[in-house]
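The values are calculated or read from the model by the stated rules, or taken from the named source; none is laboratory data. These numbers were taken from a predicted model, which means no experiment stands behind them. All Cβ positions, even for glycine, are placed from backbone atoms using ideal geometry, and neighbour counts span all protein chains on display. Just the protein is used for accessible areas: all its heavy atoms, side chains included, with ligands, DNA and RNA removed. Shrake-Rupley method; radii C 1.70, N 1.55, O 1.52, S 1.80 Å.
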Amino acid sequence: MITGINHVTLAVSDLERSFDFYVTVVGLTPVAKWARGAYLEAGNDWICLSLDTQTQPVPRADYTHLAFSVDPMAFETCADAIGQHKATVWKDNKSEGVSLYFLDPDGHKLEIHSGDLASRLAALNAHPYNGLELYAQEEGD
């Protein structure tokens, strides 16, 4: 059975540029780097950057994106670092919690978010989406 998300791999066109962006701007922790890739930690999760000549550095037209959790006390500092890098903002926040939606150098849609699944579910209970179905969660899930 699935126990979680193991890792996320992002194809990048310029490994050094992406490595610098994710470490310096986003604040991920470097773990390993080699000629064609790198591993970075985001809390207890890890991201793989993989050099790929097929990478098209443009954002996808759909809503697919990767969201990073940010402590509420650190949100403004993180958002300021992203703003100073002049990362493109691709969406205004309209959901629960504080979020900033921005693009990485290859056009991957990213988000920093202060909130969690519990706060999102509480917001859904207060203002349900059309057709919302909630499933029972056991304690600790």
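Annotated for the chain: lysine pairs at least 8 residues apart or interchain, Cα distance under 22 Å, count 4.
For the chain, the Cβ-based charge dipole about the Cα centre amounts to some 460 debye (Lys, Arg positive; Asp, Glu negative; other atoms uncharged). As a rough guide to protection, the peptides 9-15, 120-126, 64-70 ranked by mean Cβ packing within 10 Å, highest first, stand as 9-15, 64-70, 120-126.
In the chain, the DSSP beta bridges split such that about 70 percent are antiparallel, to the nearest 5. When the chain is modelled as a GNM with alpha-carbon springs shorter than 10 Å, which of PRO105, PRO72, PRO128 fluctuates the most? In this elastic network of the chain, the residue with the biggest mean-square fluctuation among PRO105, PRO72, PRO128 is PRO128. Phi angles of the stretch 87-102 translate, via the Karplus equation with coefficients 6.51, -1.76, 1.60 and θ = phi - 60°, into HN-Hα couplings of 5, 5, 8, 10, 7, 8, 6, 10, 9, 4, x, 8, 9, 10, 9, 8 Hz per residue; Gly and Pro are given as x.
Using percent of Cα pairs over 27 Å apart as the read-out, say which of [x] 36; [y] 22; [z] 27 was calculated from these coordinates. Read-out from the structure maps to [z]. With K and R counted +1 and D and E -1, the other residues having a Cβ less than 10 Å from that of ASP14 yield a net charge of -2.
As I understand it, the dipole of the stretch 34-141 uses +1 on the Cβ of Lys and Arg and -1 on the Cβ of Asp and Glu, about the Cα centre. Which of ALA79, ALA122, THR53 lies farthest toward its positive end? Ranked along the dipole, the leading option is THR53. Considering helices alone, the calculated mean residue ellipticity of the chain at 222 nm is -5000 deg cm²/dmol, with DSSP H runs of length four and up weighted by -39500 (n - 2.57) and normalised per residue. Extension gain for the segment THR9 to ASP116, taken as residue separation times 0.36 nm less the Cα-Cα distance, is 36.3 nm to one decimal.
Whole angstrom only: what separates the Cα centroid of the stretch 1-37 from the Cα centroid of the stretch 110-138? A separation of 28 Å, based on Cα centres. Largest GNM mean-square fluctuation across GLY115, GLY27, GLY43, computed for the chain with C-alpha springs under 10 Å, falls on GLY43. Rounded to the nearest 0.05, what FRET efficiency do HIS127 and ALA81 give with R0 = 35 Å and r taken as the Cβ-Cβ distance? Could you check? The calculated FRET efficiency here is 0.65. When you filter the GluC sites (Glu not before Pro) in the stretch 42-141 for DSSP loop state and at most 12 other Cβ atoms inside 10 Å of their Cβ, you are left with GLU133, GLU138, GLU139.
Neighbours of LEU51 by Cβ distance under 9 Å: Lys/Arg scored +1, Asp/Glu scored -1, total -1. Taking amide H as placed 1.01 Å from N in the peptide plane, VAL70 has its amide H under 5 Å from the amide H of HIS113, SER114, GLY115, each at least 5 places away in sequence or on another chain. Any idea what angle helix 75-84 forms with the longest principal axis of the chain, computed on alpha-carbon atoms, 0 to 90 degrees, nearest 10? That works out to roughly 40 degrees. Protein-only accessible surface at a 1.4 angstrom probe places the residues LYS94, LYS109 in the order LYS94, LYS109, largest first.
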